[in-house]
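Below is one structure, written out as structure tokens, with a few remarks after it.
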Amino acid sequence: MKHRVGPGFTLIELLVVISIIALLIGILLPALGAARRTARQMQNNTQVRGIHQAMVMFAQGNRTYFPGMTGSGGIAAGGAATDAYGTTTGATVQHRYGRLVDGNFFTGEYMISPTEDKVEWTTNDVTNENFSYALLWINDSDSTTLGTLNDVRREEWRDSINTEAPVIGDRVRGQWQTPSSYSSIHTEEASGDWRGSVGWNDNHVNFETSHEVDTKYGDIRTTDDDLFRHTGATSTPAPANPDDGNAFLIATGHNSHALADEQ
């Protein structure tokens, strides 16, 4: 005689249904997690593209140069202590973001990736480094030591429409100058597994799976350009730590190898 549970199911039938549901959940959960990560990556790409578009709008009133540079191509001086960018110069990421926030090109929250916790913004939060995205290193204080590549790189901090010149991307986490320790806002452990959104100067955005990408600045081409590492040991002063929000695209081999032929 069958023992029924409720008006329509036997105990065995109920256990079979529960087992099938559990199996489906086990199959679907990883897929849902992957879909959630993909959605965050797409939103992250959208925000990187939006910030670059804001920089292009800024450049229209600054003789093609992005925030942080003067209309004549020099590094902008620091602002007042009451400004969002504080007294820092245009070479810092804080100053450049501060210019955009002060100009109402976007809100401060827009600079925080969907993969990171949102914070409630208050005055001068840019100087507290509440942003997820790093910007191109444009400090020219050691250009005489590093030669022409640094100058050409800085020339890309403008509306140049160069398809192979990245200018913005997800910041790195890890020990400065040690790629094996790198991780990103999209990865859990410091294992050298950096990946993230990178915005290029023609406003296209890729989700890169490595911190080494192929780039072209002006007529100078670098291969395997490390987005966060600088190996030119003779540079003075040394480039800022990207964990401090002050650096991004630091080329490998300013002095360690000859530049490749022009394309």
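The values are calculated or read from the model by the stated rules, or taken from the named source; none is laboratory data. Only a predicted model underlies this, so the values are computations on that prediction, with no experimental measurement involved. When we count neighbours, we look across all protein chains shown, and the Cβ atoms used for this are built from the backbone with ideal geometry, even at glycine.
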Got a number for residues in segment 76-99 being touching a strand residue (DSSP E or B) at 6+ places or on another chain (Cβ under 9 Å) and part of a helix (DSSP H, G or I)?
-> 3
Mind checking which residues of segment 211-230 are modelled with pLDDT of 75 or more and surrounded by fewer than 16 Cβ atoms within 10 Å (Cβ to Cβ)?
-> Asp214
Within segment 41-63, restricting to residues that are among the β-branched types (Val, Ile, Thr) and under 15 Å from the mean Cα position of the chain (by Cα), the one that is nearest to Val198 (Cα to Cα) is Val48
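Residue by residue, here is whether (1) at pLDDT 85 or above; (2) in contact with a Cys (Cβ under 6 Å, 6 or more places away or on another chain); (3) surrounded by fewer than 18 Cβ atoms within 10 Å (Cβ to Cβ) holds:
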{"position": "Gln47", "(1), (2), (3)": "yes, no, no"}
{"position": "Ala54", "(1), (2), (3)": "yes, no, no"}
{"position": "Asn62", "(1), (2), (3)": "yes, no, no"}
{"position": "Thr70", "(1), (2), (3)": "yes, no, yes"}
{"position": "Gly73", "(1), (2), (3)": "yes, no, yes"}
{"position": "Gly79", "(1), (2), (3)": "no, no, no"}
{"position": "Asp83", "(1), (2), (3)": "no, no, no"}
{"position": "Thr87", "(1), (2), (3)": "no, no, yes"}
{"position": "Val101", "(1), (2), (3)": "yes, no, no"}
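Taking the conditions exactly as written (surrounded by fewer than 13 Cβ atoms within 10 Å (Cβ to Cβ), modelled with pLDDT under 80, of a type in the set (Val, Ile, Thr) and more than 20 Å from the chain's Cα centre (by Cα)), does Ile12 satisfy them or not? Spell out the reasoning first.
On the way: surrounded by fewer than 13 Cβ atoms within 10 Å (Cβ to Cβ): yes; modelled with pLDDT under 80: yes; of a type in the set (Val, Ile, Thr): yes; more than 20 Å from the chain's Cα centre (by Cα): yes.
Yes: the conditions hold for Ile12.
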Got at least one residue in segment 194-209 being modelled with pLDDT under 90 and in contact with a His (Cβ under 9 Å, 6 or more places away or on another chain)?
-> yes
